[in-house]
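*Asks:* I'd like to ask you about the structure that follows.
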Amino acid sequence: QVQLVESGGGSVQAGGSLRLSCAVSVSIFSINIMGWYRQAPGKQREMVAGIISGDSTNYADSVKGRFTISRDNAKNTVYLQMNSLKPEDTAVYYCRKLAGGMDYWGKGTLVTVAS
């Protein structure tokens, strides 16, 4: 069974940085899409950043220039470096893997940004 485990969340002041990690129990080297999503209280889950094999990336407009997604295939881990954090970035952040028509999600990690 494929498992995704997020870590690195926490509380930070506005302007600070955090790096989230998503450890995957299977290889992420093959053709697949990895992504970070977030869900704030009372809001729908939204895509934050995505990366596909070949390292093509895309970002939500709200995080462009502040967040960076990357992957380490040797460690089967995907990262989300978050800089210049804002209170509106407060949410539970989820990791997602799409491969071969299968869709997997982690349980999430909470990020709280204080003003």
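*Asks:* Relative contact order for the chain using alpha-carbon pairs under 8 Å, separation at least 6, rounded to a whole percent? Walk me through the numbers before you get to the answer.
*Replies:* Values: 284 pairs, mean separation 41.7, N = 115.
So the answer I get is 36 percent.
*Asks:* Shape of the range 7-50 from its Cα gyration tensor (a ≥ b ≥ c, root eigenvalues): rounded if a/c is under 1.5, otherwise prolate when a/b > b/c, or oblate? Don't skip to the answer; put the middle values down first.
*Replies:* Details: a/c = 2.56, a/b = 1.54, b/c = 1.67.
Verdict is oblate for the range 7-50.
*Asks:* Follow-up question, since we're still on this one. Hey, what's the range 53-115 come to in accessible area per residue, 1.4 Å probe, Å²?
*Replies:* On the way: 3250 Å² over 63 residues.
Result: 52 Å² of accessible area for each residue.
*Asks:* Could you derive backbone 3J(HN,Hα) for the range 17-28 from the dihedral phi with the Karplus parameters 6.51, -1.76 and 1.60 (θ = phi - 60°), listing whole Hz in sequence and x where the residue is Gly or Pro?
*Replies:* Calculated HN-Hα couplings, in order: 10, 9, 10, 8, 10, 10, 8, 10, 7, 10, 4, 10 Hz.
*Asks:* Using every pair of alpha-carbon atoms in the chain, split the distances into 10 Å bins beginning at 0 and state the percent of pairs per bin, rounded to integers.
*Replies:* Histogramming the chain at 10 Å steps yields 15, 50, 29, 6, 0 percent.
*Asks:* Residue farthest toward the positive end of the dipole of the range 24-108, with Cβ of Lys/Arg at +1 and Asp/Glu at -1: which of 51, 76, 94?
*Replies:* 94
The values are calculated or read from the model by the stated rules, or taken from the named source; none is laboratory data. Quick caveat: nothing in here was measured; it's all calculated off a predicted structure. Positions of Cβ are backbone-derived with ideal geometry, glycine not excepted, and every protein chain shown enters the neighbour counts. Keep in mind that these areas ignore ligands, DNA and RNA; they rest on the heavy atoms of the full protein, side chains included. Shrake-Rupley method; radii C 1.70, N 1.55, O 1.52, S 1.80 Å.
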